[in-house]
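The values are calculated or read from the model by the stated rules, or taken from the named source; none is laboratory data. Note that this is a predicted model, so its numbers are computed, not measured. Backbone-built Cβ (ideal geometry, glycine too); neighbour counts: all protein chains shown. Protein only, heavy atoms only, side chains kept; ligands, DNA and RNA dropped before computing areas. Shrake-Rupley method; radii C 1.70, N 1.55, O 1.52, S 1.80 Å.
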Amino acid sequence: NPLVHRYAPGSLVRRARRDLIPFHAFELGRHAILEDQVTVANGMGGIYIGDHSLIGIGDVLIGPVRIGHHVILAQHVVLSGLNHGYQDPTRPIREQPCSAAEIVVEDEVWIGANAVVTAGVRIGRHAVVAAGAVVTRDVPAYAVVGGNPARVLRQLDPATGEWERVK
């Protein structure tokens with residue numbers, strides 16, 4: 001649907017699976033790349049990928065997701081703005097309502113291989129998410145996070161320009 005699905009000049013989609021419904025947005029910025037075996041699904045909300053961003057091999061983006069400019073997602077990263085309901089023990093989880101909360105990845109972020117980012121999380125500008133991290137809460141700008149659940153490991157000290165270890 002050209003009214004809500006936009007591919008900017010210079011963008012590249014390799015062999016990606018696009019489960020795109022016509023009434024939610026999908027936008028791929030200038031010179032952005034969706035690598036092989038990427039899956040994008042906008043059934044629960046729009047997906048926006050900024051200019052010069054790279055979505056790595058085998059990544060999964062389930063909207064709502066908003067990715068800034070110059071972002072790098074390594075291989076097999078999952079960003080899911082979707083949560084399945086489970087609260088009613090008398091009904092199978094599959095039959096319970098889903099909820100959605102937008103994931104926001106600000107500019108210049110790097111997310112390492114096999115990381116998972118859960119619904120409603122905001123990752124600040126120039127942050128780094130270590131490989132294998134499970135991000136369940138917001139990440140400040142200029143921070144390095146890792147682990148399960150992810151926690152801040154390093155933070156840029158603006159006064160010195162040094163990346164300081166966080167204890």
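A few points about this structure:
- Some residue of the range 86-96 being out of contact with any Phe, Trp or Tyr (no Cβ under 8 Å at 6 or more places or on another chain), at pLDDT 95 or above and either crowded, with 19+ Cβ neighbours inside 10 Å or on the phi > 0 side of the Ramachandran plot (or both): no
- Across the range 115-136, the qualifying residues are those that are open to solvent by 50 Å² or more (accessible area, probe 1.4 Å) and touching a residue at least 40 places away in the same chain (Cβ under 8 Å), and the one among them that is nearest to residue 64 (Cα to Cα) is 125.
- Any chance residue 72 is open to solvent by less than 60 Å² (accessible area, probe 1.4 Å), under 30 Å from residue 156 (Cα atoms) and out of contact with any Gly (no Cβ under 7 Å at 6 or more places or on another chain): no
- Test result for residue 67, at pLDDT 95 or above, open to solvent by 10 Å² or more (accessible area, probe 1.4 Å) and among the β-branched types (Val, Ile, Thr): no
- Unmet requirement for residue 79, which otherwise passes all of (1) farther than 20 Å from residue 122 by Cα; (2) open to solvent by less than 20 Å² (accessible area, probe 1.4 Å): (1)
- Long-range neighbours under 7 Å by Cβ, at least six apart or interchain, first residue modelled with pLDDT of 95 or more within the range 20-39, second of a type in the set (Asp, Glu) and open to solvent by 40 Å² or more (accessible area, probe 1.4 Å): 39/19
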